[in-house]
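Chemist: Here it is, the structure, as structure tokens.
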Amino acid sequence: MSHLSDSLHTMDSTNQVLYNRVLVQIGLAAFRLGLLSECVNILGELCCSPKIKVLLGQGLTRGVVDKEERRRFYPLHMHISLEVLDSVFLISALLVDTPTLLSETDRRNQSLSLKKLRAFIDSTERNYFISSPEQSRDYIYAAYKELVKGRWRTVYATLLQINLWKTISNPEKVKKVLLSRVKESACRCFIINYGIALDTVDFDYLTRTLEFTPEELRSLISRIALFENQNVSLTEEPAGISIQKKEGSTLQRLAFTLSEKATQLVHHNEKLLDSKVGSYGFSEKELQETQTRGGKPKPKSGGPRNLAQQTRKKYANPGRGKTTR
């Protein structure tokens, strides 16, 4: 390897733009071959940058434009379509990072593609009114909503309506490869979403639903078990897929966190109350012992309950406690 990217900052602006344009073509080639993970890694830094036009030599920076800036600018007939580039990157990120988006709770140490996909989905869902898809991003968001449910046929039909396929060479071959990637991503989303409620999934059911051959499905489940953070395994008798429950859904995790916080708050308030009014004659050790025995503890002498009993006895027997001459 030449490690060209390490010395890129020492080059002039013309070579930097040329390097970025070659990088984009490599990413588009990876998409046409169905290498979606490589496509996301190659295009991630460029597509997540707000200055993508300047990086590709298709736009000028603000302010005074010198000769060097104009020399870096490419003519219009050599421009790379930014809409095509954005669609390719979002489709690749959709099929690669949607299972991670569903199973991940910690938002730290995320990849650029996952951050871009999450920001795209959040910005779309903040709209008050989401109409029927018209643009490429609308179709990708509609495909995301169906992919979460595991409906691969609807996802594939929605992605085919994007104008991207008119600009790609040999689109039928690319569509065929894309169909297999959509099925694999739908299988991963199905395991993550429904694995919370299911212990096993029938092997024949998945082969019929996803239209996989038994060998292809076994290979996919083996890859998920080996290289991804999913507790799945193949069972022989009966033939199926065993899913070990690791964590609940997002709502269940939030409810569990809320219950823990409420328990801590109650415990803290009880300690604060005990420091003000006393522990009602009981120590924590005695309370734990009586809870394990199932009985009632004896109050300490001098506690509030014992003091109340002494007061009641004193007023119940007025002659008690008086001195006689």
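Chemist: Just checking, which of Val174, Val182 is open to solvent by less than 40 Å² (accessible area, probe 1.4 Å), in contact with a Lys or Arg (Cβ under 8 Å, 6 or more places away or on another chain) and modelled with pLDDT of 85 or more?
Modeler: Going through Val174, Val182 in turn, just one is open to solvent by less than 40 Å² (accessible area, probe 1.4 Å), in contact with a Lys or Arg (Cβ under 8 Å, 6 or more places away or on another chain) and modelled with pLDDT of 85 or more: Val174.
Chemist: Regarding the stretch 55-68, can at least one residue be identified that is modelled with pLDDT of 75 or more, in contact with a Gly (Cβ under 8 Å, 6 or more places away or on another chain) and either exposed (fewer than 15 other Cβ atoms within 10 Å of the Cβ) or in a helix (DSSP H, G or I) (or both)?
Modeler: no
Chemist: Sticking with this one: Within the stretch 128-148, is there a residue that is within 21 Å of Leu82 (Cβ to Cβ), charged (D, E, K, R) and under 22 Å from the mean Cα position of the chain (by Cα)?
Modeler: So far as the stretch 128-148 goes, yes, one or more of its residues are within 21 Å of Leu82 (Cβ to Cβ), charged (D, E, K, R) and under 22 Å from the mean Cα position of the chain (by Cα).
Chemist: Now for a separate question. Looking at this structure, is Ile192 touching a Lys or Arg at 6+ places or on another chain (Cβ under 7 Å), surrounded by 13 or more Cβ atoms within 10 Å (Cβ to Cβ) and touching a residue at least 40 places away in the same chain (Cβ under 8 Å)?
Modeler: Spelling it out, it is not the case that Ile192 is touching a Lys or Arg at 6+ places or on another chain (Cβ under 7 Å), surrounded by 13 or more Cβ atoms within 10 Å (Cβ to Cβ) and touching a residue at least 40 places away in the same chain (Cβ under 8 Å).
Chemist: Just one of (1) under 16 Å from Ser92 (Cβ atoms); (2) open to solvent by 40 Å² or more (accessible area, probe 1.4 Å); (3) touching a Pro at 6+ places or on another chain (Cβ under 8 Å) trips up Asp202, so point out which.
Modeler: Exception for Asp202: condition (1).
Chemist: Exactly one of (1) open to solvent by less than 20 Å² (accessible area, probe 1.4 Å); (2) of a type in the set (S, T, N, Q); (3) in a loop (DSSP other than H, G, I, E, B) is unmet by Ser169. Its number?
Modeler: So the condition that Ser169 fails would be (1).
Chemist: Which ones in the stretch 26-40 are free of Cβ contacts under 8 Å to residues at least 24 places away in the same chain and over 14 Å from Leu178 (Cβ atoms)?
Modeler: Matches in the stretch 26-40: Ile26, Ala29, Glu38.
Chemist: Now, a different point. Looking only at the stretch 212-230, count every residue that is at pLDDT 70 or above and open to solvent by less than 100 Å² (accessible area, probe 1.4 Å) and tell me the total.
Modeler: 12
The values are calculated or read from the model by the stated rules, or taken from the named source; none is laboratory data. Everything quoted here is computed from the prediction, not taken from an experiment. Positions of Cβ are generated from backbone atoms using ideal geometry, with glycine treated the same way; all protein chains shown enter the neighbour counts. All accessible areas refer to the heavy atoms of the entire protein, side chains included, with ligands and DNA or RNA removed. Shrake-Rupley method; radii C 1.70, N 1.55, O 1.52, S 1.80 Å.
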